[in-house]
Amino acid sequence: MTRPSRPRFARSLLQQALTCAVFGALGLTLPLAASAASPACEAKRAEIEASLADAQARGQAQRARGLKKALDANTSNCTDASLAKARDADIRAAQKEVAEREADLSAAQRKGDADKIARRQAKLDDARAELERVSRPLAQ
């Protein structure tokens, strides 16, 4: 006969409580730096929480689930190094997009089609705005 297992949430709370009790009894504490998130991680968390609240208010359940997953990942794995790496990747992708849009605009200008030029210019402006957005540092 197998005994019913506890839900994962209950097990993790029990494990945390036992760990705290053991370390507390031994007079051991975790370093404060390990438990305190960096300002950049806190800013990213606040950004995700704001997006999550917006998605929930608009009834966007799938987006909200994705943001909840991102919030959980941020809470458990966020480091300044990981944020810097992700930001650098976003900047490179935005720079590539701007270069592609500039090439598209140049081709449209060579052909002389005013409608295409206007559309390509608008897309280039959007790509530049995105590059500017990802280039801004997180609020500290």
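The values are calculated or read from the model by the stated rules, or taken from the named source; none is laboratory data. Predicted model only: the values in this text are computed from it and were never measured. Heads up, the Cβs are rebuilt from the backbone with ideal geometry, glycines too, and the neighbour counts pull from every protein chain shown.
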Query raised in the report: Has the stretch 80-98 got at least one residue that is modelled with pLDDT under 95 and either hydroxyl-bearing (Ser, Thr, Tyr) or more than 27 Å from PRO39 (Cα to Cα) (or both)?
Result: yes
Requested in this report: Please work out if LYS69 is over 19 Å from LYS44 (Cβ atoms) and of a type outside the set (Asp, Glu).
Outcome: no
**Report entry** Scope the stretch 87-123; condition over 26 Å from SER135 (Cβ atoms) and within 24 Å of the chain's Cα centre (by Cα); matching residues
**Finding:** none
Query raised in the report: From the residues in the stretch 115-140 that are at pLDDT below 95 and among the aliphatic types (A, V, I, L, M), which one is surrounded by the most Cβ atoms within 10 Å (Cβ to Cβ)?
Result: VAL134
**Report entry** Scope the stretch 72-89; condition outside any loop (DSSP other than H, G, I, E, B) and closer than 13 Å to GLU47 by Cβ; matching residues
**Finding:** ASN74, LEU83, ALA86, ARG87
Requested in this report: Give me the pairs, please: first residue somewhere in the stretch 79-92 and over 14 Å from ARG136 (Cβ atoms) and surrounded by 12 or more Cβ atoms within 10 Å (Cβ to Cβ), second residue anywhere and at pLDDT below 90 and among the aliphatic types (A, V, I, L, M), beta-carbon distance under 6 Å, and either six or more positions apart or on two chains.
Outcome: ASP80/ALA40
